[in-house]
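Right, one structure below, let's go through it.
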Amino acid sequence: MKFKYVIVGAGLAGLTMAERIANVLDEKVLVIEKRNHIGGNIYDSYNEEGILIHNYGPHIFHTNDQEVYNYLSGFTRWNDFWHRVLTYVDGNLIPMPITVETINKLYNLNLDCSQVEEFLRKQALPIEEIKTSKDVALSKVGQDLYEKIFESYTRKQWGIDPSELDTSVISRIPIRLNRDTRYFSDKYQGMPTHGYTKMCERMAENRNIKIMLNTDYKEVLKDISYETLVYTGATDEFYDFKYGKLAYRSIRFVFETYDREEFQEAPVVNYPNDYDFTRITEFKKLSWQQHNKTTICKEFPFTGGEPYYPYPTKEYKAQFAQYEDEMKKETNIIFLGRLAEYRYYNMDGVVRRALDLFNQRIRKGE
Ligand code: FAD
Ligand code: UDP
């Protein structure tokens with residue numbers, strides 16, 4: 001079989017590339033996907049009860065990148081959605097991220113914004129050089145809030161202490177000196193009106209795009225000739241683990257359906273200090289679906305399963321750098337996405353990267 005373009009992985013990265021190649025260049029492209037569906041980790045589906053669930057954990061689209069937002073809006077309409085998260089601390093459900101409301105509720109105070117600023121200034125620890133996620137938290141909120149909100153959640157999520165994770169992990173969570181209790185403050189936020197899978201199907205709606213599901217690329221690539229390969233799988237696997245296995249954090253998603261309309265107060269509730277799971281998502285609160293039952297998902301992180309999160313640690317980044325040296329030598333292989341680039345990308349980051357690489361490496365060569 002001969003294809004000018006072959007893509008490994010039908011996640012958001014692979015589909016964005018496929019869509020651009022098929023629509024902009026009007027070229028045929030083969031997408032090889034080992035799962036039995038497209039969409040990668042943003043895949044959603046209706047469960048036995050008919051409730052729309054996110055099969056790989058809660059996904060909320062948010063971005064400040066207008067081009068990315070406009071691009072995806074070509075394939076879906078959006079339900080305006082401001083994500084809200086509560087966290088269960090000392091027997092109370094308090095808003096996450098830390099805002100004026102969080103401080104007041106947690107410490108039973110009634111401070112205004114400038115008083116909270118003063119409060120946090122007193123709590124914050126002087127840290128000379130901020131090198132780790134623990135430093136980030138301590139320098140912004142001090143020991144007590146660090147222990148109540150970040151320390152145990154992070155240990156559960158990553159299996160290691162926040163002092164071993166680089167600054168990027170806890171820096172994802174803002175500290176707000178106002179009453180904005182939305183989880184994200186990006187300009188564009190939303191949920192695809194008919195779900196992520198429908199959006200992905202529309203991206204792949206072009207006769208130029210051929211998708212081979214249930215197929216590990218290693219089974220078939222030797223029988224396919226191509227000019228350019230876009231690889232969105234794990235890089236260590238691509239190089240037969242020659243520099244060792246890269247570590248990824250995995251999650252066991254446990255779904256439960258309850259015979260009642262509502263389960264919890266917010267779409268997501270975090271449990272930093274109780275239970276083995278990190279958080280519970282109630283899907284109807286993401287989709288606004290009407291149903292007399294409700295489905296939730298508990299997330300139990302572990303290491304060794306399906307790779308979801310690359311590890312932002314010094315040690316693993318150094319290991320990945322060895323693979324990166326190999327990747328740079330490849331002239332007709334483009335590595336893209338959360339697995340291939342070993343980067344903790346959000347959806348918008350992956351689409352941005354795919355659009356950029358398409359323009360720089362594929363379109364330019366035309
Ligand atoms: P993937 O979705 O992992 O796609 C890679 C694809 O390649 C997969 O389908 C895989 O099966 C396939 N593949 C791998 N190896 C092979 C092989 N050997 N042969 C063939 N196919 C192969 N982002 C947000 O913006 N907002 C959120 O709220 C959010 N929540 C998240 C929650 C969780 C629990 C997780 C894990 C991620 C979340 N993300 C969120 C991030 C989002 O999932 C990613 O940014 C996005 O899915 C990355 O797309 P990708 O194509 O790079 O990777
Ligand atoms: N985090 C935390 N407590 C929380 C929420 C998040 O300590 O209540 C930390 C944790 O280390 C997590 C990181 O902040 O991995 C990023 O959180 P985010 O909600 O962005 O995680 P994701 O949705 O990517 O799993």
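Bear in mind these aren't lab numbers, they're just calculated from the coordinates by the rules spelled out. Please read these numbers as outputs of a predicted model, since none were measured by experiment. Virtual Cβ from ideal backbone geometry, glycine too; neighbours counted across all protein chains shown.
Computed values, structure above
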item	result
Rounded to whole Hz, the Karplus (6.51, -1.76, 1.60) HN-Hα couplings of segment 271-283, x for glycine and proline	10, x, 10, 10, 6, 8, 8, 8, 7, 10, 10, 10, 5
Positive-end extreme of charge dipole, the chain - chosen from Thr154, Asn270, Val68 (charges on Cβ)	Val68
Prolate/oblate/rounded label for segment 80-232 (Cα gyration tensor, a/c 1.5)	prolate
Sequence ranges 322-334, 48-60, ranked by mean other-Cβ count within 10 angstrom, highest first	48-60, 322-334
For the chain, built as a Gaussian network whose Cα springs stay under 10 Å, the top-fluctuating residue of Asn206, Asn346, Asn108	Asn108
Packing-based ranking, highest mean first, of 279-291, 120-132 given that Cβ atoms within 10 Å are counted	279-291, 120-132
Cβ crowding within 10 Å averaged over residues, with 235-244, 109-118 ranked highest first	235-244, 109-118
Over segment 210-319, volume per residue of the alpha carbon convex hull, in Å³	183
Percent of beta bridges antiparallel (DSSP, the chain, rounded to nearest 5)	60
Partner aspartates and glutamates for Lys131 [C-alpha distance under 12 Å; skip if fewer than 8 residues away on the same chain]	Glu164, Asp166
Cα gyration tensor category, rounded, prolate or oblate, for segment 269-366 with a/c compared to 1.5	oblate
Across Lys198/Lys293; Lys210/Lys242; Lys34/Lys218; Lys242/Lys329; Lys218/Lys317, pairs whose alpha-carbon gap is larger than 20 Å	Lys198/Lys293; Lys210/Lys242; Lys218/Lys317
For segment 71-119: rounded, prolate or oblate by the Cα gyration tensor [a/c cutoff 1.5]	prolate
Segment 184-259: equivalent-ellipsoid semi-axes (sqrt of 5 x gyration tensor eigenvalues, Cα, Å)	30, 23, 16
Normalised contact order of segment 217-364, rounded percent, pairs of Cα under 8 Å and 6 or more residues apart	30
Helix-derived mean residue ellipticity, 222 nm - over the chain, DSSP H n ≥ 4, -39500 (n - 2.57), to 500	-8000 deg cm²/dmol
Computed FRET value (nearest 0.05) for Asp240 with Tyr344, which takes r as the C-beta separation and R₀ as 30 Å	0.75
Gln264-Met212 pseudo-label distance in nm [points 7 Å out on the Cα-to-Cβ vector]	4.1
Segment 34-44 - phi-based ³J(HN,Hα) in whole Hz, Karplus 6.51/-1.76/1.60, Gly and Pro as x	7, 7, 8, 8, 8, x, x, 7, 8, 4, 10
Dimensionless Rg/Rh of the chain - Kirkwood Rh, Rg from C-alpha atoms	0.98
Rounded Å value of the spacing that divides the Cα centres of segment 199-230 and segment 243-285	32
Cross-link reach list, aspartates and glutamates versus Lys105, counting only Cα pairs under 15 Å and skipping chain neighbours closer than eight places	Asp90, Asp144, Asp180
